[in-house]
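The values are calculated or read from the model by the stated rules, or taken from the named source; none is laboratory data. Quick caveat, the model's predicted, so the values are computed rather than measured. Cβ placement follows ideal geometry from the backbone for every residue including glycine, while neighbour counts extend to all protein chains displayed.
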Amino acid sequence: MTRIFTANRAWALLALLLIIRLISLGLYPLMDTTEARYGEMARLMVETGNWLTPQFDYGVPFWGKPPLHTWMSASFIALFDASEFFIRLPHWLAAVILLAVIGKFAYKMQVPALPSMLILSAIPVFYICTGAVMTDIALALAFTLAMTGFYLAWQGEKNYAYVGFTGLALGLLAKGPLILVLFGLSSGIWLLWQYGINKMWHLLWQRIPLLSGSALLLALTLPWYLMAEQATPGFLHYFIIGEHWLRFTQSGWAGDLYGTAHDQPRGMIWIFFLLTALPWSFLLPAALAKLAKHNQGKLDSLSAFLLCWLFAPLILFTFAGNILPAYVLPGIPALALLISKAWQQGLGKWYWLTLVSPALLIAAIIVV
C-alpha cells in the first residue's frame, strides 16, 4: 500500500463504507417495483406460513424466481419484524460474506486481499446492491463461491470443489439455471483458452470430483424444484422456458406474469458495465496491459480466469434485450481482483479513486 493508504486506514474505510450502508437500510422505504414486490413476498411467506412457494399475492404463486431471496428476508421478518431495515439486512450480510470470500481467495492466490475487498466495496453497482431487496447479491455470492471453489480445486485443493458445487446450488435457488450458463461460459472459455478442447476434458475429470459434486448439487436443489412443481403445476415450464429463454430473446416479452419486461438495445449490458463499475471499468485496459507486461506479453492463468469470470455475464447478455444494470454484478468481484492484482505493489496514484468514488456515491445516495 502507499504511505498515505496504510492498512489500518484501509480497514477503517472499508468498515466505514459497510457501516454507512448498514445504517442506511432503514432510512428509506422499499423502492421501485422490485424491492416492494420482493419485500411483500417475504411478508406474505411469514404471514401465510407457506415457505415452499413464494406468493405474488394471496394464493397467487410467484414463478419468476426461486425462493432464496424470499427466504432470506422472510427469516429476518420472522425473527424480528417487517421493517425496511430487517427486510434488507440479510442482503447486506450476504454482501459482507461475499467480501470475506473475495478476501480469502485473494490471500490464497497471493493477491492483495484488503485492496481487493476495498475496491469491490466501493464499486457503485456492488455498493448499491448491498442491502437491496433483490436476487442479485445472492446470485453474486453464489457465483463467487462457484468460481473461487472451482479455481482452488483446479490448483490442487480438491475439497474446495464442493464449495464450488454448493455455490452452484445456491445460485439455482437464487436465480435458477442462469448460474449454470454463467459458470459454463466463464470456466469453459478459460479452459479452452488455457488447455485446448482435448486436454481440458482430461484434466477436468482428474481435478474436479464431477460425480460426487453433481450429486451434492442435485441433493441441495432438486427436492425444492420437484416440490414446487407439485405444489403449483406449470411452474417449471414458465420458469425454464419463459424466464430463461423468452425473457432474454424477446424484447418487451409479453408473457411476463408479474410486470413489464425491460426493453433495452442489444449490447446495452456493456454500457451498464462501464457506468456502474466506474471508475475501475475505465482502468481495466491499463490493468490488463500491466498484467500482460509482467508475464512476457500474455496474461497469466489467474488473470485469464478472472477476465473470463468478469466478461461471462457481459457476453451472455450482449444479445439480450430484457436486462437491468444489476445484471453485471456477478462479474464485478473479478474486476476488483484484477485491479488489485495489477497494482499489487501499490495502486499509487490510483488509490485516491477508492476514496473519491465511494464518497461521490454516498453523496449521491444522500441527495436522492
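Side notes on the structure shown:
- Scan region 67-109 for residues that are aromatic (Phe, Trp, Tyr), over 19 Å from ILE332 (Cβ atoms) and surrounded by 19 or more Cβ atoms within 10 Å (Cβ to Cβ) and the total you get is 2.
- LYS104 being modelled with pLDDT under 90, charged (D, E, K, R), under 18 Å from the mean Cα position of the chain (by Cα) and farther than 18 Å from ARG21 by Cβ: no
- A single entry from ILE128, ILE87 fulfils the requirement of being of a type in the set (A, V, I, L, M, F, W, C) and at pLDDT below 90: ILE128.
- Number of residues in region 16-72 that are over 27 Å from ILE241 (Cβ atoms), aromatic (Phe, Trp, Tyr) and without any contact (Cβ under 8 Å) to a residue 40 or more places away in the chain equals 0.
- Pairs linking a residue in region 134-156 that is within 19 Å of GLY176 (Cβ to Cβ) to a residue that is at pLDDT below 95 and of a type in the set (Ser, Thr, Tyr), with Cβ atoms under 6 Å and 6 or more positions apart or on different chains, are MET134/THR34.
- Every condition in (1) under 30 Å from GLN155 (Cβ atoms); (2) surrounded by fewer than 19 Cβ atoms within 10 Å (Cβ to Cβ) is met by THR33 except one, and the failing one is (1).
- The residues of region 62-74 that are closer than 19 Å to PRO223 by Cβ and among the hydroxyl-bearing types (Ser, Thr, Tyr) amount to a single one, THR70.
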